[in-house]
Amino acid sequence: MADKTKKQGNFAPGDAPTYESVLQCMRCGFCLPTCPTFVLTGRERSSPRGRVALARAVHEENLDFTEALKQESFFCLDCRACTTACPSGVKAGEVMEVCRSQSHQVFPGGHLSKSFRNFILKRMLPDPDLLEAGMLPARLYQRLGIQWLVRHSHILKLGPDWMDKAEGMLPKLDAPLRGQLPEMTPAKGEKRGRVAFFLGCVMTLLYPDVSRQTVRVLAGQGFDVVTPAQAKCCGAPHMSEGDRETTRELAKFNIDLFLSQDVDYIVTDCAGCGASLKEYEELLAEEEDHARLELFRSKVRDVNEFLSEVGLRTEELQEVKVSVTYHEPCHLCHAQNVSAQPRQLIRSIPGVEFREMKESSWCCGSAATWGLKFSEESQQVLDRKLANVAATDADYLVTTNPGCHLQLAWGLKQADMPQPVIHLMELLGRATPD
């Protein structure tokens, strides 16, 4: 990221891509077949190299920060598949992520939209209590039967597509997990260490049973599990929407909190959270002590990465006789380079038949709010994924990220496909004895 106090080419002062980050692109085209938006549109500007070229033109003062660049910064899924494919190490997704911050400076929008955005990003998401209170109406909506009436009346089909999809994606909501988990869950059997569990916002609100199983599995594998209830949002939604300043505030809080714990590792079961936590070091490079940033980064592990690294104790695992296939979340395989480890864990569970999926790392079309903003394009990306799921004829579809979970479960239901979507920790939890 560039120096925020200096103007970079035609970028506005503040967060901007560095010139070096856009200069590396050789325009070789290796990224093109990996980019879902380029495959959908065939437009050069909607490809990784096209987007980087736009950012470079702004740097070199050959182009102003235009509406087209704003559109492309948000049309990019930030799936990072292009980063995996790039021989020069260009991070086009991250360049577009920074350009989203620019877009809010150059095109600030109206008072109402700014106020709503600021309330969600700066007030609601950083406050766990407010976030949990905000979900109470949704739980009542389900409990009181209003959801049944809305779905059977099809009234939402009269509105925009994203509204009907968003409602249809809601899983059955239970009480948030944050207040239910003890501060410390003791290890079972021979103790192997002590870890902190980073409980993500979406996980505690939408998938509490998943994270409950994560803690249970970690304890069953011999680790004391500390779950700080004070933890705040990792900042991934803010990065996705271009609010890097709030992300920095959240990052500083979480670093202080988790480094104050006497733990060997910091473990998360959300791919988006893990990617965000691992990028704190780069995000705060100009503001924080490098030794502390490096120490924090050295402790962060995705739960699949962690269990593969320490070695899964399999001698007491129970047999689970099912066939499964695996969808790789973009922010696990591309952003964190964690790809082989989930497969190793799946194959280690007695009785499980693993069926590899074609294009397992192809994006599902969720990408935070992208799947709602671009619902038609999201459906096309999802259809490609669902065809590959169907070809495996597996009993279950396994993934490890809540955004993917929501999108895939909705897509399978819409396509009348039988596979339930489960998190890998739920599968491992079935094999873990009480």
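Read the figures in this text as sums done on the coordinates, not as results from a lab. Everything numeric here is computed off the predicted structure, so don't read it as measured data. As a convention, Cβ positions derive from the backbone with ideal geometry for all residues, glycine included, and neighbour counts pool all protein chains shown.
Just a few scattered comments:
- Degrees, to the nearest 10: 375-392 long Cα axis against longest axis of the chain: 40 degrees
- Shape call, segment 355-434: gyration tensor on alpha carbons, a/c limit 1.5: prolate
- Rounded if a/c under 1.5, otherwise prolate or oblate - segment 278-434, Cα gyration tensor axes: oblate
- Other residues lying with their Cβ under 12 Å from the Cβ of residue 59 contribute a combined charge of -2, Lys and Arg counting +1, Asp and Glu -1.
- A simple charge model with +1 on the Cβ of Lys and Arg, -1 on the Cβ of Asp and Glu and nothing else charged puts the dipole of segment 317-431 at about 180 debye relative to its Cα centre.
- Antiparallel content of DSSP bridges confined to segment 184-309, in %, to 5: 15 percent
- Environment charge of residue 364, counting only residues whose C-beta is closer than 10 Å and scoring Lys/Arg +1, Asp/Glu -1: +1
- Exposure proxy order (Cβ contacts within 10 Å, fewest to most) of 223, 354, 119: 119, 354, 223
- Förster radius 41 Å - calculated FRET efficiency between residue 172 and residue 312 (Cβ-Cβ, nearest 0.05): 0.85
- Beta bridges assigned by DSSP with both partners in the chain are antiparallel in approximately 10 percent of cases.
- For segment 178-241 and segment 8-76, distance of Cα centres in Å: 37 Å
- Computed over the chain: relative contact order in percent, which uses C-alpha pairs under 8 Å that are six or more apart: 14 percent
- Prolate/oblate/rounded label for segment 193-279 (Cα gyration tensor, a/c 1.5): oblate
- Correct choice for Rg and Dmax of the Cα atoms in Å that was computed from the model, options (i) 21.5, 64; (ii) 22.5, 78; (iii) 19.9, 65: (i)
- Per-residue HN-Hα couplings for segment 210-223 [Karplus 6.51, -1.76, 1.60; θ = phi - 60°; Hz; x = Gly/Pro]: 4, 6, 4, 5, 4, 5, 4, 5, 4, 5, x, 8, x, 10
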